[in-house]
1. With an 8 Å cut-off on Cα pairs and a minimum separation of 6 or more residues, tell me the relative contact order of the chain in percent.
2. Could you put Thr70, Thr21 in order, starting from the residue whose Cβ has the fewest other Cβ atoms within 10 Å?
3. Enumerate the amide H contacts of Thr63 below 5 Å, restricted to partners 5 or more residues apart or on another chain; note that Pro and chain-start residues carry no placed amide H.
4. Explain nothing, just the number: dipole magnitude of the chain about its Cα centre with +1 on each Lys and Arg Cβ and -1 on each Asp and Glu Cβ, in debye rounded to the nearest 20.
5. What aspartates and glutamates could a cross-link reach from Lys151, if we take a straight Cα to Cα line under 14 Å and drop same-chain neighbours fewer than 8 places away?
6. I'd like the per residue volume of the convex hull spanned by the Cα atoms of the chain, given in cubic angstrom.
7. Order by neighbour count: Met133, Met1, fewest other Cβ atoms within 10 Å first, most last.
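What follows draws every value from the coordinates through simple rules; no lab data is involved. Treat the numbers as computed from the prediction; the structure is a model and nothing was measured. Cβ coordinates were reconstructed from backbone atoms using ideal geometry, including for glycine residues, and neighbour counts include every protein chain displayed.
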Amino acid sequence: MDKQEYKRFWVQHLAYASTRTNLHAAVAPRPLAICTAVAAPGVVFSYGIQQRERAAEIVFNHTERAVNQTLYDYLLAHREKIDAAFGATLVWQHEPQEPGYKSASIGRYWANRDDLDDDEQWPGYQHEMVAAMVQLEAILSPYLKRQLGAKYRQKKRR
């Protein structure tokens with residue numbers, strides 16, 4: 001996909017997402033492969049799209065590694081409950097990186113069935129991604145609120 005196609009994808013995606021959640025309501029479509037909404041310092045709910053893969057995930061990228069580690073470990077301790085609530089095994093990744101970069105993530109990933117250049121496939125992809133994001137937010141929000149307190153900016157669902 002080129003930059004214009006990414007932007008078109010996100011325009012459509014965010015329009016649909018706004019009918020299901022306010023999570024990304026303040027996000028403007030950009031010509032990038034990712035679209036993120038900040039939930040707390042160093043915690044973002046992120047959509048990603050590449051030629052062969054799509055994602056809906058929560059990413060921990062605080063500038064202090066210890067914050068990422070603490071939050072990830074807290075959620076990891078509840079992994080069975082979180083996966084069960086989601087109805088599928090989520091992908092849990094811990095990748096210690098330089099502070100400020102993706103250190104850990106929890107999400108749902110899909111291989112694209114067809115070439116992403118076929119924009120007739122986009123609505124199906126977008127519906128899957130948004131449904132997963134709504135679920136992730138609903139399931140993880142109570143844990144994030146307990147761990148982060150007032151720093152967590154939970155969005156009201158539609």
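1. Numbers: 244 pairs, mean separation 42.7, N = 158.
Relative contact order for the chain comes out at 27 percent.
2. The most exposed by this proxy come first: Thr70, Thr21.
3. For Thr63, whose amide H was placed from the backbone, the distant partners under 5 Å are Gly100.
4. Computed about the Cα centre, the dipole is about 900 debye.
5. Excluding near neighbours in sequence, the set is empty.
6. 108
7. In increasing order of surrounding Cβ atoms, one gets Met1, Met133.
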